[in-house]
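Got a structure for you, questions after.
The values are calculated or read from the model by the stated rules, or taken from the named source; none is laboratory data. Fair warning: this is a prediction, and the values are worked out from it, not measured in the lab. Here Cβ is always computed from backbone atoms with ideal geometry, including for glycine, and neighbour counts include all displayed protein chains. All accessible areas refer to the heavy atoms of the entire protein, side chains included, with ligands and DNA or RNA removed. Shrake-Rupley method; radii C 1.70, N 1.55, O 1.52, S 1.80 Å.
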Amino acid sequence: MVLKTFGWSFAVTALGLVAAVFYGGWTAFWLVAILSILEVSLSFDNAVVNAGVLKKMSEFWQKIFLTIGILIAVFGMRLVFPVVIVSITAQLGPIEAVNLAMTDHARYEELVTDAHPAIAAFGGMFLLMIFLEFIFEEREIKWLAWLERPLAKLGRIDMLSACIALIVLLITATTFAVHAHQYGGVHADKSATVLLAGVAGVVTYMIVGGLSGFFEDKLEEEEEREHEAEEEARRTGKPLAVTKLVGKAAFFMFMYLEVLDASFSFDGVIGAFAVSNDPVVIALGLGIGAMYVRSLTVYLVRQGTLDDYVYLEHGAHYAIGALAVILLITIQYEVPEVVTGLIGVALIAWSFFASVRRNRALAAGGGDGSGSEGSGGSDGSGGPGEKTEVSSGV
């Protein structure tokens, strides 16, 4: 199972490190290795959330996620995206931007950094919407029940997530404008850009998330109808009609995963410049890391880890919330990448051990976790007695 799932990741790691040695010697080798570890640590929560969506998709679409999806993730977000940003912000043609990236690393880094407020605003708002939609949704399994119960009640208010996200964006943009006016600097005139990029992040979530949710609901309805038709066909001997809805639903869920991955990639791409300003080294390092995130996502799905450790998804979404806040903070202030990575890892580790405690409590009580368990006390350990159902996240 491990070799089957991570085989391509191991192969890409070997090829990437060899390419790094040929490209820039042993210095490039170590930089690529460091960037790979950085990407995995920053994106582990991405893998957990992705797994919650991917487990609903067929094996065919899981393969698409690992093939076409990884090409988009590695070449699109880790290599092409920074060049596109430079091309737009510096008003250069694509060829000029590529030439700049390869010949003037310092200027290339400067231009990408200059675009950071817009990138952080877009990614921060998109991730914040994911977090808010999760915590305001009524779900039977609750990890931090003292927090999640009242928030789920508030979630009955229509459009609450979007309202809170836009209020946060207004506060962020206003604070950024005041700070820029007082202290100046390279971002002094970008408050309008931050506001526009943040609104674009919210709109993107609503479009892609809404479409994936719509087709997911349609898929569930169609599956129920197919089940009824199956029963009818068994009784009458009639052939079953083939539906194409699964492919349509899976396609929009796939698109949602790609936008989600893009939002997670923003901090990694920007943070990579703290390690190296060479676009080839960055692409190699983050590309290797992205492969492991992809493989880890599929591994979690195939092993049923999210069903066994039911608080993992909660921990990942809290990590998403933390990352969203950090991205918005980095519009004005620098936050070390190690802090971002450690917060995400700590939240997921906490949710994992809480899940282990829950499973042990169920085993001691003679339960199997499929019918009832605690909704999570203030310590996240849960307690027996409440019916639960594993939720899927966004």
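Less than 15 Å Cβ to Cβ from Tyr108, Lys/Arg counted +1 and Asp/Glu -1: what total charge do the surrounding residues give?
Value of the local net charge: -4.
Another question about this same structure. Given points 7 Å out from each Cα along the Cα-Cβ axis, report the Val80 to Glu110 separation in nanometres with one decimal.
Placing both labels 7 Å beyond Cα along the Cβ direction yields 2.8 nm.
If I take R0 = 41 Å and measure r between the Cβ atoms of Asp307 and Leu170 in this structure, what FRET efficiency does the formula 1/(1 + (r/R0)^6) give, to the nearest 0.05?
0.55
How high is the FRET efficiency between Phe353 and Glu96 when r is their beta carbon distance and R₀ equals 41 Å, given to the nearest 0.05?
It comes to 0.20.
Measuring from centroid to centroid over Cα atoms, what is the spacing of the stretch 137-160 and the stretch 77-107 in Å?
When both Cα centres are located, 44 Å separates them.
Right, another one. Can you pull out the chymotrypsin sites (Phe, Trp or Tyr not before Pro) in the stretch 274-352 whose DSSP state is coil and whose Cβ has at most 15 other Cβ atoms within 10 Å?
Tyr333
Provide Met77, Met102, Met255 ordered by accessible surface of protein heavy atoms (probe 1.4 Å), highest first.
The ranking, largest first, comes out as Met102, Met255, Met77.
Fully extended, how many nm does the chain gain between Glu228 and Arg360 (0.36 nm per residue separation, minus their Cα-Cα distance)?
So the chain would gain 43.7 nm between Glu228 and Arg360.
Of Met57, Ile135, Pro82, whose Cα points farthest to the positive end of the dipole of the stretch 1-147 (charges on the beta-carbon: +1 Lys, Arg; -1 Asp, Glu; origin at the Cα centre)?
My answer, from the dipole projection, is Met57.
When the chain is fully extended, how far beyond the present Cα-Cα distance does Ile157 get from Ala19, taking 0.36 nm per residue of separation?
Between Ile157 and Ala19, full extension yields an extra 44.3 nm.
Moving on to the next point. Of the cross-linked pairs Lys63/Lys142; Lys4/Lys55; Lys55/Lys153; Lys4/Lys63, which ones have a Cα-Cα span greater than 24 Å in the structure shown?
Lys63/Lys142; Lys55/Lys153
What size of dipole, in debye to the nearest 20, comes out for the stretch 29-177 about its Cα centre when the only charges are +1 on Lys and Arg C-beta atoms and -1 on Asp and Glu C-beta atoms?
That gives a dipole near 480 debye.
Still on this structure: Would you check the accessible area of Ile326, probe 1.4 Å, heavy atoms only, in square angstrom rounded to 10?
Here the accessible area works out near 20 Å².
Round to the nearest 0.05 the FRET efficiency obtained for Lys63 and Val338 when R0 = 25 Å and r is the Cβ-Cβ distance.
Efficiency at R0 = 25 Å is approximately 0.15.
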